[in-house]
Amino acid sequence: MADLTTTFIGITSPNPFWLASAPPTDKEVNVRRAFEAGWGGVVWKTLGAEGPPVVNVNGPRYGAIWGADRRLLGLNNIELITDRPLEVNLREIKSVKRDWPDRALVISLMVPCDEQSWKDILHRIEDTGADGVELNFGCPHGMSERGMGSAVGQVPEYIEMVTAWVKQHSRMPCIVKLTPNIADIRKPAEAARRGGADAVSLINTINSITSVNLDSFSPEPSIDGKGAHGGYCGPAVKPIALSMVSEIARHPATRGLPISGIGGVTTWRDAAEFMALGAGNVQVCTAAMTYGFKVVQEMISGLSQYMDEKGMTATADLVGRAVPNVTDWNQLNLNYVTKAQIDQDLCIKCGRCYAACEDTSHQAIWMKEGRVFEVNDAECVACNLCLDICPVENCITMRPLAKGETDPRTGKVVGDYANWTTHPNNPMAQAAE
Ligand SMILES: Cc1cc2nc3c(=O)[nH]c(=O)nc-3n(C[C@H](O)[C@H](O)[C@H](O)COP(=O)(O)O)c2cc1C
Ligand code: SF4
Ligand code: SF4
């Protein structure tokens with residue numbers, strides 16, 4: 001059986017599934033129950049500076065987007081960092097770590113952007129026994145207006161400066177948690193590395209308004225008729241997170257920097273995808289908030305079975321496996337030609353593929369007598385739209401044309417790999433000749 005033990009920046013945990021810094025990790029009673037359920041580690045809910053704790057709203061703090069089956073797809077929150085006293089959190093962290101030495105316990109931190117504040121908090125957490133710190137440069141609401149969270153994460157110079165303070169004043173491994181609310185995720189990751197970060201974690205939540213009440217005209221969640229943008233997470237954000245993780249994994253200036261993957265991880269498969277794109281482990285929040293702590297048991301057994309099937313004995317065998325296959329558009333093989341094909345035995349004759357292709361793609365699906373739908377290879381550009389909107393799984397598949405076959409649409413014979421950089425229509429390629 002595959003060994004899921006993971007060592008991430010020197011922190012060992014029995015599996016790569018950590019709970020992200022959020023409500024599931026905000027107190028001892030929760031974290032103990034999470035460890036009992038099998039979580040490999042936790043990042044404790046973000047601690048702030050000594051003094052009166054932050055104050056949360058007393059009305060609703062979440063908004064949501066659901067699928068047609070009412071499954072939660074996206075969650076929006078306007079919660080701040082921990083609103084429990086610092087010394088209570090520190091006492092609890094110490095007690096949990098003492099009883100669960102084999103689990104990873106990382107403390108998330110967010111204090112004002114001055115060296116003394118960071119020095120003070122690092123000093124306070126020193127004797128908790130925690131395995132590391134995560135710098136929360138990601139929260140996009142509330143704290144950012146006070147010059148913390150994403151206000152730091154959006155300025156690479158600040159990231160580098162604060163990370164360097166943390167490395168100077170602490171011996172703990174340091175993870176820098178990045179905000180996705182930025183144009184180019186590689187810049188903050190580079191800054192974290194320059195500052196001496198041991199790893200980056202991403203993503204924190206995405207600026208969002210989930211809906212507007214059309215009676216009261218208040219954004220949701222509504223606090224006495226007003227709403228503020230919140231942070232979006234859950235399954236809906238996974239594609240954004242995967243792309244950002246892969247960018248950091250393949251960028252020359254950040255390649256090799258350990259990554260903790262976060263954003264919509266709900267199943268073992270999500271976790272495996274993050275890991276294949278370069279994440280050494282994953283962190284989870286919304287899935288635990290939706291399904292409870294025991295969801296980790298499915299993740300553990302699923303990942304373990306997958307690794308066994310693939311002959312992988314350790315998580316390191318999986319990490320980064322897909323990175324070499326992430327490339328730029330101009331490197332894609334323009335001689336890779338496919339055609340949609342419909343399995344008539346599976347087709348339920350709903351006609352969606354016909355409507356989609358006829359109205360918005362390439363008029364490549366015939367509707368024949370008796371509502372028989374067939375693809376016209378001479379028009380099909382292989383866009384995939386019919387496959388994506390067909391309600392029956394595997395009813396439409398894409399058939400690659402073999403080398404030497406003629407594409408009935410273009411009349412050209414399928415040849416060897418060739419990309420845009422050498423294509424005759426590329427003015428840059430012509431200029432280079
Ligand atoms: C209610 C709530 C509170 C959160 N609080 C924090 C926090 O205090 N510190 C932090 O770094 N991230 C916080 N997050 C962000 C999560 O740690 C995580 O980055 C994000 O939810 C994406 O993961 P997910 O899609 O698995 O939920 C919070 C998320 C939620 C939903
Ligand atoms: S792949 Fe695109 S072009 Fe081809 S049949 Fe489907 S929708 Fe039409
Ligand atoms: S969308 Fe799928 S099921 Fe519906 S007609 Fe097309 S092939 Fe058949």
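All of the numbers you see were taken from the coordinates with simple rules; none came from a lab. If you're wondering where the values come from, they're calculated on a predicted model, not measured in any experiment. Neighbour counts are summed over all protein chains in view; Cβ atoms, including those assigned to glycine, are modelled from backbone coordinates with ideal geometry.
Across every direction, the projection of the convex hull enclosing the Cα atoms of region 37-100 has a mean area of 6.5 nm². Here's how it looks for THR46: its modeled amide H is under 5 Å from those of ALA22, THR82, which are all 5 or more places away or on a different chain.
Bin width 5 Å, origin at 0, all Cα-Cα pairs of region 258-353: what percent of pairs per bin? In order of increasing distance, the bins hold 2, 11, 16, 15, 11, 11, 15, 13, 5, 1 percent. Relative to the dominant Cα principal axis of the chain, helix 238-250 is inclined by about 80°.
Where both partners of a DSSP beta bridge lie in the chain, what percent of those bridges are antiparallel, to the nearest 5? If I count the DSSP bridges inside the chain, around 50 percent turn out antiparallel. Taking amide H as placed 1.01 Å from N in the peptide plane, the amide H of ASN335 sits under 5 Å from that of ALA418, each at least 5 places away or on another chain. Using 0.36 nm per residue and subtracting the Cα-Cα separation, the extra length available between GLU145 and ALA355 on full extension is 70.9 nm.
The C-alpha atoms of the chain define a longest principal axis, and helix 156-169 lies at about 40 degrees to it. Hey, for a label at SER218 modelled as a point 7 Å past Cα toward Cβ, could you say which residues of region 25-64 have their backbone N under 19 Å away? Of the residues in region 25-64, 56-64 have backbone N under 19 Å from the label point off SER218.
In the calculated pair-distance distribution of region 1-82, the portion above 16 angstrom amounts to 67 percent of the Cα-Cα pairs. Beyond 16 Å, the tail of the calculated P(r) for region 104-204 holds 49 percent of the Cα pairs.
With Kirkwood's inverse mean 1/r over C-alpha pairs for Rh, give me the Rg to Rh ratio of region 262-417, two decimals please. List each step's numbers first, then the result.
Working: Rg = 20.4 Å, Rh = 18.9 Å.
Across region 262-417, the Cα-based Rg/Rh ratio is 1.08.
Give the angle, between 0 and 90 degrees and rounded to the nearest 10, that separates the Cα long axis of helix 28-37 from the longest principal axis of the Cα atoms of the chain. With both axes taken from Cα atoms, the answer is about 40 degrees.
A Förster radius of 51 Å combined with the Cβ-Cβ distance from ARG70 to ASN330 puts the calculated FRET efficiency at roughly 0.75.
Need one word for region 188-323: rounded, prolate or oblate. Basis is the Cα gyration tensor (sqrt eigenvalues a ≥ b ≥ c); a/c below 1.5 gives rounded, then a/b vs b/c decides. Before the final figure, lay out the partial values.
On the way: a/c = 2.98, a/b = 1.51, b/c = 1.97.
Judged from the Cα gyration tensor, region 188-323 comes out oblate (a/c at least 1.5, b/c at or above a/b).
So what's region 35-156 giving for Rg/Rh, alpha carbon basis, Kirkwood Rh from the mean inverse pair distance? List each step's numbers first, then the result.
Working: Rg = 16.1 Å, Rh = 16.0 Å.
With Rh from the inverse mean 1/r over Cα pairs, Rg/Rh is 1.01.
For region 105-115, backbone phi angles converted through the Karplus equation (6.51, -1.76, 1.60; θ = phi - 60°) give residue-by-residue couplings of 9, 10, 9, 7, 10, 8, 9, x, 7, 9, 4 Hz, Gly and Pro being listed as x.
Write down the Kirkwood hydrodynamic radius of region 212-264, to one decimal in angstroms, obtained as one divided by the mean of 1/r over all alpha carbon pairs.
It works out to 13.7 Å.
The order of the peptides 408-419, 156-167 by mean Cβ neighbours within 10 Å, most packed first, is 156-167, 408-419.
Counting each pair of different Cα atoms once, what's the Kirkwood radius of region 355-405 in Å, rounded to one decimal? Intermediate results must be reported in sequence, preceding the final value.
Values: mean 1/r = 0.0841 Å⁻¹.
Hydrodynamic radius (Kirkwood, Cα only) of region 355-405 equals 11.9 Å.
In this simple spin-label model, placing a label point 7 Å from the Cα along the Cα-to-Cβ direction at both ALA316 and VAL381 gives a separation of 4.7 nm. Hey, how many Å between the Cα centroid of region 342-373 and the Cα centroid of region 163-216? What the calculation gives is 45 Å, centre to centre. In the chain, helices alone account for a calculated mean residue ellipticity at 222 nm of -8500 deg cm²/dmol, with every DSSP H run of four or more residues adding -39,500 (n - 2.57). Rg/Rh for the chain stands at 1.03; both radii use Cα atoms, and Rh follows the Kirkwood definition.
Efficiency by 1/(1 + (r/R0)^6): what FRET value for SER211 and ALA183, r their Cβ-Cβ distance, R0 = 30 Å, to the nearest 0.05? Mind dumping the intermediate values first?
Numbers: r = 26 Å, r/R0 = 0.87.
About 0.70, to the nearest 0.05.
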